[in-house]
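A.B. asks: Pasting in a structure now, in structure tokens, and then I'll have a few things to ask.
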Amino acid sequence: MTAISRSPSSLGLLASTVAKKVVMALSGIVLTGFVLVHMAGNLLLYLGPDALNAYGEMLQSKPVLVWSARAFLLACVALHVWAATSLTLTNLAARPVGYRQTAYEASTYASRTMRWSGPILLLFIIYHLLHFTVGSAHPDFVRGNVYRNVVIGFQDPLVAFLYVLAMVALSLHLFHGVNSMLQTLGLSHPRYNSLRAMLGATYAAAVTVGNLSFPISVYFGLVR
């Protein structure tokens with residue numbers, strides 16, 4: 001029998017790659033959970049201004065908790081971006097010359113667009129914070145009046161369209177990301193592959209439909 005040996009450098013690269021995938025998966029759990037909670041809170045839009053503004057006021061009444069959560073989420077975003085960028089650069093370095101003919105049988109459209117949906121979402125997060133949190137990108141921002149800010153913000157067709165595009169990117173990112181995250185954390189077996197794909201699709205659909213409803217409902221006058 002022939003023993004298969006690996007050099008220390010290759011073992012280090014393997015360990016590093018695995019570690020980065022774990023970092024991306026763990027930070028992904030936090031971010032996907034936040035996306036769901038954030039969407040659920042915004043559903044109060046349909047209960048009227050009192051409900052949504054009371055929710056916003058409740059959050060602002062706990063500044064230490066809110067800023068601690070924001071710092072933690074920003075740290076998770078930074079770790080997620082770092083791990084994703086590092087893994088992408090490692091993959092590109094391992095295959096500097098592209099294949100003459102690309103085969104997509106083993107991948108999905110969502111997985112092939114991860115390197116694009118990720119940066120798009122990062123830019124969207126920055127804009128979203130400037131739009132509805134800081135208010136500098138909002139045409140008529142009134143601090144504390146969340147309902148009014150949302151309605152006025154989404155009455156602009158360009159803003160509504162940008163949010164719709166961002167939610168499409170989010171749906172693709174979540175569809176592949178949840179599937180890949182569960183696989184990295186150990187749910188990797190032929191018996192579970194279809195379950196992983198179903199969970200990713202269901203989660204992505206629920207979050208996307210909920211988030212898409214906000215700009216669409218406001219723009220078409222269902223929420224005034």
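A.B. asks: Suppose R0 equals 30 Å. What FRET efficiency, 1/(1 + (r/R0)^6) with r the Cβ-Cβ distance, do Leu165 and Asp140 give to the nearest 0.05?
C.D. replies: The formula returns an efficiency of 0.85 here.
A.B. asks: Note down the relative contact order for the stretch 166-222 as a percent, whole number, built from C-alpha pairs under 8 angstrom at least six residues apart.
C.D. replies: Computed over the stretch 166-222, the figure is 47 percent.
Since every read-out is calculated from the coordinates, none of them should be taken as a lab result. Remember, predicted model here, so these are calculated numbers, not experimental data. As a convention, Cβ positions derive from the backbone with ideal geometry for all residues, glycine included, and neighbour counts pool all protein chains shown.
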